[in-house]
1. Given H placed 1.01 Å from N in the peptide plane, which residues other than close sequence neighbours of Asp39 have an amide H under 5 Å from its amide H?
2. Treat every Asp and Glu Cβ in the chain as -1 and every Lys and Arg Cβ as +1, leave all other atoms uncharged, and give the resulting dipole magnitude about the Cα centre to the nearest 20 debye.
3. Which one of Gly48, Thr33, His20 is farthest out on the positive end of the charge dipole of the stretch 1-59, using unit charges on Cβ (Lys, Arg +1; Asp, Glu -1) and the Cα centre as origin?
4. Just subtract the alpha-carbon distance of Asn49 and Leu66 from 0.36 nm times their residue separation and send over the number in nm, one decimal.
5. Counting only C-alpha contacts under 8 Å and six or more residues apart, can you give the relative contact order of the chain as a whole percent?
6. Using a 1.4 Å probe over the heavy atoms of the protein chains, calculate the carbon and sulfur portion of the accessible area of the stretch 21-78 as a whole percent.
7. Pop out the ³J(HN,Hα) list for the stretch 6-22 in order, Karplus 6.51 cos²θ - 1.76 cosθ + 1.60 with θ = phi - 60°, rounded to Hz; leave Gly and Pro as x.
8. Note the per residue figure in Å³ for the convex hull of the C-alpha positions in the stretch 21-78.
Amino acid sequence: MKSRAMKPFEKAAILFLLKHLASGVAGAVVLATGLLILDVANLATLIGNSDHGIVAAIMLYASLILTFGSVAMGIGIMTMNEDTRP
């Protein structure tokens, strides 16, 4: 299989998506951490007293990261107002 170098507009598109993904991931981590620190709806207490607390915390973070990352990338794509390809 022949490998080929990425074209400049392909690199720009991937970097564009990764920037938006990173902002969504940051938002998700802040929200999940805030929920646990503030113990909203006794969430931290429930997770702390559970036999499967680690799994619950991982599921909380993973679901929020997936959701916020996808939404941030979607917003980035939908708010593009012009074609910037060469």
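1. Long-range HN contacts for Asp39: Ala44.
2. Numbers: 6 positive and 5 negative charges, 123 e Å.
Using Cβ point charges on Lys, Arg, Asp and Glu, the chain gives about 580 debye.
3. The one lying farthest along the dipole's positive direction is His20.
4. Working: separation 17, 0.36 × 17 = 6.12 nm, distance 2.58 nm.
In short, 3.5 nm is gained.
5. Details: 49 pairs, mean separation 37.0, N = 86.
So the answer I get is 43 percent.
6. On the way: 2900 of 3720 Å².
C and S atoms contribute 78 percent here.
7. Values per residue, Gly and Pro as x: 6, 7, x, 6, 6, 5, 5, 5, 5, 5, 4, 5, 5, 5, 5, 4, 4 Hz.
8. Numbers: hull volume 3.6 nm³, N = 58.
Each residue corresponds to 62 Å³ of Cα convex hull volume.
The values are calculated or read from the model by the stated rules, or taken from the named source; none is laboratory data. Everything numeric in this text was worked out from a predicted model, so none of it was measured. Cβ coordinates were reconstructed from backbone atoms using ideal geometry, including for glycine residues, and neighbour counts include every protein chain displayed. Side chains are part of the model used for accessible areas, which takes the heavy atoms of the whole protein and leaves out ligands, DNA and RNA. Shrake-Rupley method; radii C 1.70, N 1.55, O 1.52, S 1.80 Å.
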